[in-house]
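The values are calculated or read from the model by the stated rules, or taken from the named source; none is laboratory data. Values in this document were obtained by computation on a predicted structure and should not be read as measured data. Please note: Cβ atoms are built from the backbone with ideal geometry, for glycine as well, and neighbour counts cover all protein chains shown. Just so you know, the surface numbers come from the protein's heavy atoms only, side chains and all, with ligands and any DNA or RNA stripped out. Shrake-Rupley method; radii C 1.70, N 1.55, O 1.52, S 1.80 Å.
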Amino acid sequence: MIIEKIINNNIVLTHDHKNREVIAMGKGIGFGRRKGDTVSQSEIEKVFRIKENETLLKFQDMIADIPMERLILTDDVISYAINVENLKLSQNIYLTLVDHINFAIERFKEGMTPENALMWEIKRFYPQEYALGLYTIRLIHDRMGLLLPDSEAGFIALHFVNAQYSTHMKDTLSLPHLMRDIMDIVMSELNVNLNENSIHYERFVTHIKFLIQRLYHNEMLLDEDTIFEDMMKEKYPREFECGKRIAKYIEHETKSEITRMEMTYLAIHIKRVTMSEE
């Protein structure tokens, strides 16, 4: 590989066999070299392939002062999330997660272990992402001998949520609250207790997640089938009104608009989750 740019002694910008810009990492591969020199494949320990140019440029600037072992660990976690957990992640995860893990380790070394006020909601509504947070904590312990608190697993989980929704972190931080309040509305409006271990509950949570994801991506279901809406309104009036209230709450919190079709499907899922509790 031909070196395009020296980032530091262990990291260089180069091109792969398809002539795509990549960041190559290996102990000492940038030391004493300059642009135009070659690096052999045997010297490279890790390659970061980031497709978006803007993200690639930001990543180059960020990683210059971050220890190589932390960069490799972060890439291993992201690869695990994509290839094993089958998550579809925005490329920004490379920026946000590298930065967070580096900061979390430095913070821990200084004796700072912040509480995570959203832990209960994260565990309840984002168990897969929280499990990835715990996986990251275990890797840090295994490779660096540092035992970060479980609260950090919650913070890391939010970065995976953010990378799936492609939202700003401030919006991501509001998602657990949204999920909790929506469940509270259902229980209050329809006077039921929801079984969090039931398949109906799991499907309802999944539906809400995808609804919010469609909202942020501006991909709401279109208002086409008014007959279906009228039928739901007539057959399940309580669930339909509950769906309307939830839709208004989401609109208020996200400053967005939910279509009638989305609200109708919301009512269907409310009916399913409450039927299992009756």
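Among the residues of region 20-41, what is the count of those that are under 25 Å from V98 (Cα atoms) and without any contact (Cβ under 8 Å) to a residue 40 or more places away in the chain?
Qualifying residue count for the region: 10.
Scan region 77-88 and give yes if some residue there is free of Cβ contacts under 8 Å to residues at least 40 places away in the same chain, under 21 Å from V12 (Cα atoms) and not aromatic (F, W, Y), otherwise no.
yes
Considering only residues of region 222-234 that are open to solvent by 100 Å² or more (accessible area, probe 1.4 Å) and touching a helix residue (DSSP H, G or I) at 6+ places or on another chain (Cβ under 9 Å), which is modelled with the highest pLDDT?
E234
Of all residues being under 8 Å from the mean Cα position of the chain (by Cα) and not hydrophobic (A, V, I, L, M, F, W, C) in region 153-165, which is surrounded by the most Cβ atoms within 10 Å (Cβ to Cβ)? Just the residue, please. Lay out the reasoning, then the answer.
Pass one, region 153-165, residues under 8 Å from the mean Cα position of the chain (by Cα): 157-165.
If we keep only those that are not hydrophobic (A, V, I, L, M, F, W, C) too, we end up with 159, 162, 164-165.
Numbers: H159: 27, N162: 24, Q164: 20, Y165: 18.
For region 153-165, the residue satisfying everything is H159.
Would you confirm, using the coordinates I've provided, whether S42 is within 18 Å of the chain's Cα centre (by Cα), hydroxyl-bearing (S, T, Y), at pLDDT 85 or above and loosely packed, with under 14 Cβ neighbours inside 10 Å? I'd like the intermediate steps shown before the answer.
On the way: within 18 Å of the chain's Cα centre (by Cα): no; hydroxyl-bearing (S, T, Y): yes; at pLDDT 85 or above: yes; loosely packed, with under 14 Cβ neighbours inside 10 Å: yes.
Taking the combined requirement at face value, the residue does not satisfy it.
Does S174 satisfy the criteria of being over 19 Å from H252 (Cβ atoms) and open to solvent by 20 Å² or more (accessible area, probe 1.4 Å)? Step through it out loud before you land on a result.
Numbers: over 19 Å from H252 (Cβ atoms): no; open to solvent by 20 Å² or more (accessible area, probe 1.4 Å): yes.
So S174 fails the test.
Just give me the residues in region 99-153 being of a type in the set (D, E) and part of a helix (DSSP H, G or I), in sequence order.
Those that are of a type in the set (D, E) and part of a helix (DSSP H, G or I): D99, E106, E121, E129, D142, D150, E152.
In region 225-260, how many are farther than 22 Å from R272 by Cβ and outside any helix (DSSP H, G or I)?
Matching residues across region 225-260 total 3.
Considering only region 18-33, how many residues are in a loop (DSSP other than H, G, I, E, B) and surrounded by 10 or more Cβ atoms within 10 Å (Cβ to Cβ)?
8
Yes or no: E69 open to solvent by 70 Å² or more (accessible area, probe 1.4 Å), in a helix (DSSP H, G or I) and under 26 Å from L146 (Cβ atoms)?
yes
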